[in-house]
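> Sharing a structure, written as structure tokens. Questions coming.
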Amino acid sequence: MAKGLEHTTCAATGCERPYAWCELHHRRPWARGGRTDLADAIPLCSQHHHWIHDTGFNHQTMPDGSIRFSRRT
């Protein structure tokens, strides 16, 4: 719940899914040498968590920590 103090909703820009309904995404996956600690985690709802792993979407971390998604063209 510690991340719930930083984000009250999904971290995707404009998404209002409550934090309690989100999954924690690790920016650098453990499989690629990342750490599985809270400092590397960001809450994403199920849809945005799928999008962040989908090659059909681009994503960009904004200065406020939110994630902006766009379709690849």
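> Residue 14: part of a loop (DSSP other than H, G, I, E, B), without any contact (Cβ under 8 Å) to a residue 12 or more places away in the chain and small (Gly, Ala, Ser), yes or no? Write out each step before concluding.
On the way: part of a loop (DSSP other than H, G, I, E, B): yes; without any contact (Cβ under 8 Å) to a residue 12 or more places away in the chain: yes; small (Gly, Ala, Ser): yes.
Judged against the criteria, residue 14 is a match.
> Somewhere in segment 46-62, is a residue touching a Phe, Trp or Tyr at 6+ places or on another chain (Cβ under 7 Å) and more than 20 Å from residue 73 (Cα to Cα)?
No - not one qualifying residue is present in segment 46-62.
> Shifting gears a bit: Looking at segment 1-24, which of the residues that are of a type in the set (A, V, I, L, M, F, W, C) and modelled with pLDDT under 80 is farthest from residue 63 (Cα to Cα)?
To start, the set of residues in segment 1-24 that are of a type in the set (A, V, I, L, M, F, W, C) comprises 1-2, 5, 10-12, 15, 20-22, 24.
Restricting the remaining residues to those that are modelled with pLDDT under 80 gives 1-2, 5.
Values: 1: 22, 2: 20, 5: 18 Å.
My answer is 1.
> For residues in segment 25-48 being surrounded by 14 or more Cβ atoms within 10 Å (Cβ to Cβ) and over 11 Å from residue 69 (Cβ atoms), which is modelled with the lowest pLDDT? Before the answer, list the steps.
First pass over segment 25-48, keeping only residues surrounded by 14 or more Cβ atoms within 10 Å (Cβ to Cβ): 25-26, 40-45, 48.
Imposing the further condition that a residue be over 11 Å from residue 69 (Cβ atoms) reduces the set to 25-26, 40-43, 45.
Working: 25: 91, 26: 88, 40: 81, 41: 89, 42: 92, 43: 95, 45: 97.
The extreme case among them is 40.
The values are calculated or read from the model by the stated rules, or taken from the named source; none is laboratory data. All values reported here derive from a predicted model rather than from experimental measurement. We place every Cβ from the backbone using ideal geometry, glycine too, and count neighbours over all the protein chains shown.
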